[in-house]
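A short worksheet on the structure shown next.
The values are calculated or read from the model by the stated rules, or taken from the named source; none is laboratory data. From a predicted model like this one, the values you see are computed outputs, not experimental measurements. Using ideal geometry, Cβ is built from the backbone for each residue, glycine included, and neighbour counts are taken over all protein chains shown. Ligands, DNA and RNA are stripped out before the accessible areas are found, and what is left, the full protein with its side chains, is counted by its heavy atoms. Shrake-Rupley method; radii C 1.70, N 1.55, O 1.52, S 1.80 Å.
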Amino acid sequence: MSRTLRLLLVGFVSWTWVLAQEPVYILKVDVPYVGIDVSVEDPAGSTVTDLSQEDFEIYEDGIRQQIRYFSPVATPYNVLLLFDRSGSTQHKWPFMQKAVAGFIASLRPQDRIAIGTFDYELQMQLDWTSDRARALLALPELIRPKAIGGTNLYEALDRALRRGFRKVAGRRTMVILSDGRDTSLYRELITRNRLLDPLEDRGFQKVLKTARQQHVPLHFVGINTDKNLEPNMLGGDEYRNLQVVFRNSPVPQQYLNQVRVRMEQLVEVSGGRILFPARLEEIIPLYEQIGREFGKSYSLGYVSSNPSANRSFHRIEVRALNSKLRLTQSRAGYNVR
């Protein structure tokens with residue numbers, strides 16, 4: 001055996017031993033996958049539930065895209081309901097309980113549900129089940145008195161996205177009731193008297209990346225934001241409390257604006273949406289509405305042919321081959337961030 005060949009063999013064996021001792025890392029490429037839900041009605045206004053993938057076309061910025069993923073209406077939905085149990089939402093807990101009861105009633109027999117709550121940490125109150133009676137038994141946990149602590153919203157969302165859907169196949173989504181106030185943002189405001197830029201917020205950037213990668217649409221029911229904090233509306237008392245803390249400075253409005261914008265960014269990258277109930281009584285019908293919409297929607301997905309470096313808004317249009325059908329999209333487009 002030549003000296004060169006012996007050196008090559010020794011090098012190969014040594015490198016094989018190193019690989020055996022070190023963990024294997026796989027480089028994940030951030031593929032510009034885009035998902036969208038669509039409901040369809042005929043000219044009479046009746047829901048159409050029997051279409052196939054071949055009945056649809058998707059266009060991005062006017063350019064036709066190849067449909068890579070399709071789920072018909074009958075495909076089960078796996079819905080994780082996540083509730084903010086922090087002190088700022090405490091007086092809304094009874095409405096959370098009623099909203100879940102209405103949501104459960106609106107789901108179809110084939111759909112599954114899981115329930116989680118969070119304050120400083122995420123707690124799962126109900127594992128995945130299609131048993132409606134079992135789901136209802138978990139409702140008392142939503143209003144059980146507890147010690148009030150901070151709100152680790154971003155970490156709770158990150159954990160729920162990474163772990164909550166393990167071994168869950170098919171259509172997946174999350175519905176979150178929250179005011180969006182992560183303690184880290186509030187702490188920065190109190191200690192340094194400044195609003196933390198989203199790009200500097202490591203916790204937020206982490207969950208934003210996870211939401212982009214996991215392809216689980218996040219649907220927020222946003223309470224106590226700058227869109228529903230006017231007097232006599234949902235969060236009037238909370239806004240007055242913030243004004244007292246910050247001595248009527250413009251900071252409360254800026255802070256709440258940042259909170260809302262971050263929720264909207266999470267919704268945008270995940271393909272969900274955000275709703276702002278003006279009154280507590282609207283929370284319950286909103287949840288029922290979301291449940292009904294899940295039950296009549298097709299899910300479609302494609303890999304964008306647009307370059308990922310383009311940061312402009314990309315408009316999505318889903319068309320039916322039958323021009324008489326009326327389509328309602330879950331979103332009109334997306335931004336590349």
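Data for the structure
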{"quantity": "Per residue accessible area of segment 47-104, 1.4 Å probe, in Å²", "calculated": "40 Å²"}
{"quantity": "Accessible heavy-atom area order of 60, 282, highest first, probe of 1.4 Å", "calculated": "282, 60"}
{"quantity": "Built amide H within the under 5 Å cut-off of residue 65, gap 5+", "calculated": "58, 59, 60"}
{"quantity": "Segment 262-336 shape via C-alpha gyration tensor axes, a/c threshold 1.5", "calculated": "oblate"}
{"quantity": "Separation in nanometres of the label points that stand 7 Å from Cα toward Cβ, at residue 313 and residue 141", "calculated": "4.0 nm"}
{"quantity": "Net charge of neighbours whose Cβ lies under 11 Å from the Cβ of residue 47, counting Lys and Arg as +1 and Asp and Glu as -1", "calculated": "-1"}
{"quantity": "Extension gain, residue 130 back to residue 53 (0.36 nm per residue minus Cα-Cα distance, nm)", "calculated": "25.0 nm"}
{"quantity": "Distant-in-sequence amide H partners of residue 179 (H built 1.01 Å from N, under 5 Å)", "calculated": "223"}
{"quantity": "Partner aspartates and glutamates for residue 206 [C-alpha distance under 13 Å; skip if fewer than 8 residues away on the same chain]", "calculated": "155, 158"}
{"quantity": "Under-5 Å amide H pairs with residue 274, H placed in peptide plane, nonlocal only", "calculated": "220"}
